[in-house]
Each structure stands twice: as C-alpha cells, then as structure tokens.
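The values are calculated or read from the model by the stated rules, or taken from the named source; none is laboratory data. Here the structure is a predicted model, which is why all the values come from computation and not from measurement. Positions of Cβ are generated from backbone atoms using ideal geometry, with glycine treated the same way; all protein chains shown enter the neighbour counts. When the accessible area is computed, the model is the full protein with side chains, heavy atoms only, and any ligands, DNA or RNA have been set aside. Shrake-Rupley method; radii C 1.70, N 1.55, O 1.52, S 1.80 Å.
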Amino acid sequence: MTFLRSARVRRSLVLAAVFVCAACGLVYELALVALGSYLVGNSITQASIVLSVMVCAMGVGSLAAKPLQSRALVAFALIEAALALLGGLSVLLLYAAFAWLDLYVPMLVLAASVLGALIGAEIPLLMTLLQKIRRQEAGSAVADLFAADYVGALVGGLAFPFLLLPLFGQIRGALVVGAVNAVAGMAVVLWIFRADVARGVKAALWGVMGGVLVLLGGVYVKADAFEVTARQALYNDPVAFATRSRYQEIVLTEKVSLSGRSDTRLFLNGDLQFSSVDEYRYHEALVHPALAGSRGRVLILGGGDGLALREVLRYPDVREVTLVELDPEIVALARTHARLKELNGGAFEDGRVTVVNEDAFTWARDGREPYDAVIVDFPDPDEVATAKLYSAEFYGLARHLIADGGRMVVQAGSPYFAPRSFWCIDKTIREAGLRTLPYHVDVPSFGDWGFVMASSGEPSLGISGDAPPTRFLDSDVLSAARVFARDLRRDDVEANTLVRPVIVGYEDAEWQDF
C-alpha cells in the first residue's frame, strides 16, 4: 500500500498501536486488582500489591529491553505475543490458583511481575521503531510516545468497568483484551514494517500470532465451563446459582442431607451470609430486641436477602419499613428465586416495604425522618468499601436516623473469632455519641456471633411481650447473651474512622487462620 510509504502515516500508525497496547496493559492491571478484591477482599491491599509490583517490574523490563534494540522488530513482536497470551490468561490462571492450589498471593506477585516486565519492555522498543521511521529529537519523540501511551491508559481504564466487565465478565474480558493486544502489537511488525522483515521471520511471526489467537479463542469458548468448575471447587456444597453483579460475586449453594433436610447458603464474594438451617437464630437475635419498643417506622440497612425483613413484618403494628440495599441484584434474587422467596416469606411483596438501592452512607447523609428502630445488617468490614459503614462518621449519621426513645442494632461479627473487630465496633458506636449494649448468641454456621444494641439513652435488651412466636430467642437467652467470658473481652482497640479504617486490619489479622 503506497500510503504506508509516508513517514507521517507510519509514525501515526505506530502511535496508534502504542495507544491500543497501553489500553490493554492497564486493563491487565485492573483485572488483577478486581479479581483479588472479589476473591480475598481488601481492595486496597490488592491494588497496592499489583500496582507497586507492576511499576517496579516495568522499570526492570525497560532496562532488560536495552540489548534487544538492535533487533527491535522481532523482539517487539515476540514480547507482544507473550504479553497478549499471559495477559489474556492471567485472570483464569489466578482463579485456578485460588480455587485448587491455595497459591493466590504468590501467583499474583508472579503474574504482576511478568506482565509488568513485558509492558515495560514495550517503551524502549517502540521508541526505537519510531526513530527507525524518522529520526526525531529525543524530547519530541518521548512526548509523542507518552502522550499516546497515557491516553490509551485512560481509555483502557474506562473500558474495563463500563464495557468489558458488563459485556464479557472478568475471564472473557481479559481474553478479549489479549486478542486485541496480539493483533495491535503484531500489526506493527507484520504490516507497518513488513518490508523490513525477512520472509521466513514474517511467516514465523504470523504463525505465532495465529497460535496466540487460536489459544485465546479456544479458552474463550471453554471459559464458562472452567468458571463453573473452579467455582464449585471453592464450595463444599453444589452451586445452585451464581452471578457476578456490579458490586460482588453472588453464589447460592444447595445441599440435601440424608434425612431430607435442605441447606441453602448464600455467599457474597466467598463469605457466608446465612445457612437456611440456622439463619433464624441470627435474624431473631438481630431483629426482635430492636423491636421491643416503638416500631411504627423501621429502617433496615443492608439485609437484601429479605430475612431480617421477614422478621420485622411479623409485627402487625409495623406501619412502614425502608430497606436500603446497595446491590439491586441481591434484592432481585430475593424477590424471584424460589428458594430465597420461600425463606423470606415473600417479604418484598408486602405493601409496607420500600426498597432503596443506594449506598447507605450516601443515603444517610441526606436528611431523613427518624425511625423507631434501625437494623444494620451489613457484611463484615474486611475491606475499606464496607469499613466505612462501620465508621464513627457513619454511626454519627445513623444517630440522627433514630427517633427519641428509638434503638439501633448492628451486626458486629464474632466476639470469639474476631474479638478486636467486635469491640472496635462497640467503641466506634460509642464514639458517635450513642450508648451501647453488646450481646452475643450461638449460630452454628457462624459460631459465636455478636451484636451491639445502641440508643441515645441507656439501652436495654429484651423481647416485647406481644412479639410473634420465636424458634430460638426468649428472655432467658437474651439474659445470657449479655455475658462475655473473660477471654472474649478486649479493650485494646481504637475507634474505626474514614481516615483511619483500623477495623480492616483487625479483620485481616483475626480471620486469616480460620
């Protein structure tokens, strides 16, 4: 093609390839961060590991590419093929390491190192290719190259959450990006510089690119089957339903025992939320003490499965219930999935219920009419995204949601497995100006599990005389629930705040052995 004889056109095409390769490189980084957040939580730690290791490896890769500049064309083609293959397969390989080998963190560091080194090797080689087309002052060449690189990174960063994840998911999204990377990178050599490559080398490179694309395509076809198999390896019971929402991975498992008893379990990002065998213990202990007084207006923060809502609606004098749940897919599942709907008693169909799909922190900041009872049923604060919902700032907002004489109850984790986290929540609520009364009960699926009752006055712990019949909870259980053995009491904790989310560190340290 005669237009490729123009140095300006060739330089523009190389810079376009830089743009695409930079976008692909950033997608690989974000994919590793996102996968770690889904699988092991603590997104800040995952991001820190991936980004710091990759940036360091990029520097090493740039230095390692210096001897390759004399063979820049072939070296660049092979590096792009390797980057496309490893980047495209990175999510799948890390998922496999987590599901079967229990080697996730070492594999994450290895993947970030290799991908970072390959990304870093691109820049000096691309600079050499640009200068091969037309010599240019170093400052101008660097400016052109990095402008294309940074803008490409911007596009890749936006494409990952808004295009790739919704359309393809994590595994297939990485595979698609790997294919794009292979075509864009190899096109520089096989099209723009094809006149400079020997026929035999050119044929070999075509074979390499074809092999990469075939392999990525074959894995793409089998991706769903792999994901189902790997996910099942993570759970003891058969997976009955699984999806990945915008916020989290949602999994339902279902097991039927020899006696015929069914055990349905809900997991969010791998963390157990309830077992149908004993969830009534948790939800009775969470809800009924909070409704032992005025209860005309009730607020539930979290609880998208509808099980706490079920208990609230058993009181006929409850006039209205507002449920604030961030993830609409959890609520949709609770409304429509036959087993979940059976467990929550079709609670979302009750006319007294209003569902708000919004971040609870943001929702609480806007002025609201106070509620007689506030039930806080969030997942454990094992990452910063949820830790803010256990902060002094959030409880300060929640305090204004409680009517005079009203109560708030917070699920606070296990005082046995995570005592510092539990007492941190208690201290944080007190830091927000509320008085607290911690208590705990036994939930076999969870173990010893705790809650904190809070109010502006002196909180009490009891069950209303006109409460509906309960399977587990009574006044004797609640009386015992207030007693904490000596080995469960901790006072060496700080309050959790937005700028100092200490509870994440407590959670990581305490749960890592369980």
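Among the numbered criteria (1) of a type outside the set (Phe, Trp, Tyr); (2) within 27 Å of the chain's Cα centre (by Cα); (3) open to solvent by 30 Å² or more (accessible area, probe 1.4 Å); (4) at negative phi, which one does VAL74 miss?
That leaves (2) as the condition not met.
Got a number for residues in the stretch 449-463 being among the hydrophobic types (A, V, I, L, M, F, W, C) and out of contact with any strand residue (DSSP E or B) (no Cβ under 6 Å at 6 or more places or on another chain)?
First, pick out the residues of the stretch 449-463 that are among the hydrophobic types (A, V, I, L, M, F, W, C): 449, 451-454, 461, 463.
Filter again for out of contact with any strand residue (DSSP E or B) (no Cβ under 6 Å at 6 or more places or on another chain), leaving 463.
So the count comes out to 1.
Inspect all residues belonging to the stretch 419-426 and state whether any of them is buried (at least 23 other Cβ atoms within 10 Å of the Cβ), part of a helix (DSSP H, G or I) and among the aliphatic types (A, V, I, L, M).
Yes: the stretch 419-426 contains one or more residues that are buried (at least 23 other Cβ atoms within 10 Å of the Cβ), part of a helix (DSSP H, G or I) and among the aliphatic types (A, V, I, L, M).
Out of (1) at pLDDT 95 or above; (2) buried (at least 17 other Cβ atoms within 10 Å of the Cβ); (3) more than 23 Å from GLY293 (Cβ to Cβ), what's the single condition that is false for ASN357?
All conditions are met except number (2).
Working only within the stretch 192-205, note down all residues that are surrounded by 13 or more Cβ atoms within 10 Å (Cβ to Cβ) and either without any contact (Cβ under 8 Å) to a residue 40 or more places away in the chain or aliphatic (A, V, I, L, M) (or both).
ILE192, ARG194, VAL197, VAL201, LYS202, ALA204, LEU205
Per-residue answers, yes or no, for (1) hydrophobic (A, V, I, L, M, F, W, C); (2) at pLDDT 95 or above; (3) in a helix (DSSP H, G or I):
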site	(1), (2), (3)
ARG407	no, yes, no
ALA412	yes, yes, no
TYR416	no, yes, no
PHE451	yes, yes, no
PHE472	yes, yes, no
THR497	no, yes, no
GLU507	no, no, yes
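Every residue in the stretch 256-294 that is of a type in the set (D, E, K, R) and either outside any strand (DSSP E or B) or at positive phi (or both), please.
Quick first cut of the stretch 256-294, residues of a type in the set (D, E, K, R) only: 261, 263, 265, 271, 278-279, 281, 284.
Those that are of a type in the set (D, E, K, R) and either outside any strand (DSSP E or B) or at positive phi (or both): ARG261, ASP278, GLU279, ARG281, GLU284.
Check SER70, SER48 and return the single one that is of a type outside the set (A, V, I, L, M, F, W, C) and more than 21 Å from ALA141 (Cβ to Cβ). Reasoning before the result, please.
Values: SER70 fails: more than 21 Å from ALA141 (Cβ to Cβ).
Of the residues listed, the single one that is of a type outside the set (A, V, I, L, M, F, W, C) and more than 21 Å from ALA141 (Cβ to Cβ) is SER48.
Going through LEU110, LEU93, LEU115 one at a time, which residue ends up being without any contact (Cβ under 8 Å) to a residue 24 or more places away in the chain, in a helix (DSSP H, G or I) and under 20 Å from ALA179 (Cα atoms)? Talk me through it step by step, then tell me what you get.
Values: LEU110 fails: under 20 Å from ALA179 (Cα atoms); LEU115 fails: without any contact (Cβ under 8 Å) to a residue 24 or more places away in the chain.
The match here is LEU93.
Among the residues of the stretch 375-388, write down those that are open to solvent by less than 40 Å² (accessible area, probe 1.4 Å) and outside any loop (DSSP other than H, G, I, E, B).
Once the filter is applied, which keeps residues that are open to solvent by less than 40 Å² (accessible area, probe 1.4 Å) and outside any loop (DSSP other than H, G, I, E, B), the stretch 375-388 yields ILE375, VAL376, ASP377, THR386, ALA387.
Going by the conditions given, is THR470 within 28 Å of ALA292 (Cβ to Cβ), in contact with a helix residue (DSSP H, G or I) (Cβ under 7 Å, 6 or more places away or on another chain) and of a type in the set (Ser, Thr, Tyr)? Please lay out each step first, then the result.
Working: within 28 Å of ALA292 (Cβ to Cβ): yes; in contact with a helix residue (DSSP H, G or I) (Cβ under 7 Å, 6 or more places away or on another chain): yes; of a type in the set (Ser, Thr, Tyr): yes.
So THR470 fits the description; yes.
Output the residue which, of all residues in the stretch 333-350 that are farther than 16 Å from VAL251 by Cβ and not in a helix (DSSP H, G or I), is least open to solvent (accessible area, probe 1.4 Å). Reasoning before the result, please.
Initial filter on the stretch 333-350 (farther than 16 Å from VAL251 by Cβ): 335-336, 338, 341-342, 344-350.
Checking the rest, the ones that are also not in a helix (DSSP H, G or I) come to 345-346, 350.
On the way: GLY345: 61, GLY346: 16, ASP350: 47 Å².
Looking at residues that are farther than 16 Å from VAL251 by Cβ and not in a helix (DSSP H, G or I), I get GLY346.
Would you tally the residues in the stretch 117-171 being open to solvent by 50 Å² or more (accessible area, probe 1.4 Å), within 22 Å of LEU216 (Cβ to Cβ) and modelled with pLDDT of 95 or more?
Of the residues in the stretch 117-171, 1 are open to solvent by 50 Å² or more (accessible area, probe 1.4 Å), within 22 Å of LEU216 (Cβ to Cβ) and modelled with pLDDT of 95 or more.
Looking at the structure I just gave you, is ALA392 closer than 22 Å to GLU458 by Cβ and out of contact with any Lys or Arg (no Cβ under 6 Å at 6 or more places or on another chain)?
On the way: closer than 22 Å to GLU458 by Cβ: yes; out of contact with any Lys or Arg (no Cβ under 6 Å at 6 or more places or on another chain): yes.
Considered against the rule, which asks whether it is closer than 22 Å to GLU458 by Cβ and out of contact with any Lys or Arg (no Cβ under 6 Å at 6 or more places or on another chain), ALA392 comes out as yes.
Determine, yes or no, whether VAL9 is within 24 Å of VAL151 (Cβ to Cβ), surrounded by fewer than 17 Cβ atoms within 10 Å (Cβ to Cβ) and either β-branched (Val, Ile, Thr) or modelled with pLDDT of 95 or more (or both). Don't jump to the end; show me each part of the working.
Details: within 24 Å of VAL151 (Cβ to Cβ): yes; surrounded by fewer than 17 Cβ atoms within 10 Å (Cβ to Cβ): yes; either β-branched (Val, Ile, Thr) or modelled with pLDDT of 95 or more (or both): yes.
Yes.
Of all the residues that make up the stretch 474-488, how many are surrounded by 12 or more Cβ atoms within 10 Å (Cβ to Cβ) and modelled with pLDDT under 95?
The qualifying residues number 1.
Which numbered condition in (1) surrounded by 19 or more Cβ atoms within 10 Å (Cβ to Cβ); (2) farther than 19 Å from GLY303 by Cα is the only one that GLY457 fails?
For GLY457, the exception is condition (1).
Which ones in the stretch 285-332 are under 25 Å from the mean Cα position of the chain (by Cα), open to solvent by less than 40 Å² (accessible area, probe 1.4 Å) and touching a residue at least 60 places away in the same chain (Cβ under 8 Å)?
Matches in the stretch 285-332: ILE300, LEU301, GLY302, GLY303, ALA308, ASP327, ILE330.
Can you name every residue in the stretch 242-264 that is out of contact with any helix residue (DSSP H, G or I) (no Cβ under 9 Å at 6 or more places or on another chain) and either open to solvent by 40 Å² or more (accessible area, probe 1.4 Å) or small (Gly, Ala, Ser) (or both)?
Hits for the stretch 242-264 are LYS255, VAL256, SER257, LEU258, SER259, GLY260, ARG261.
Pairs under 9 Å by beta carbon, first residue under 26 Å from GLY211 (Cα atoms) in the stretch 59-81, partner charged (D, E, K, R) and open to solvent by 90 Å² or more (accessible area, probe 1.4 Å), six or more apart or different chains?
That search, which allows pairs on different chains as well, returns ALA72/LYS132; LEU73/LYS132.
Take VAL251 and tell me if it is over 30 Å from ARG71 (Cα atoms), in a helix (DSSP H, G or I) and among the β-branched types (Val, Ile, Thr). Spell out how you get there, then give the answer.
Working: over 30 Å from ARG71 (Cα atoms): yes; in a helix (DSSP H, G or I): no; among the β-branched types (Val, Ile, Thr): yes.
Against the criterion (over 30 Å from ARG71 (Cα atoms), in a helix (DSSP H, G or I) and among the β-branched types (Val, Ile, Thr)), VAL251 does not qualify.
Only one residue in ASP366, ASP372 is without any contact (Cβ under 8 Å) to a residue 12 or more places away in the chain, more than 21 Å from the chain's Cα centre (by Cα) and open to solvent by 20 Å² or more (accessible area, probe 1.4 Å). Which one? Working first, answer last.
Details: ASP372 fails: without any contact (Cβ under 8 Å) to a residue 12 or more places away in the chain.
The conditions single out ASP366.
Helices (runs of 4 or more DSSP H) wholly in the stretch 135-239 with at least 3 residues that are basic (Lys, Arg) - which ones? Before you say what the answer is, go through the steps one by one.
On the way: elements: 138-159, 165-187, 199-234.
Per the criteria, 199-234.
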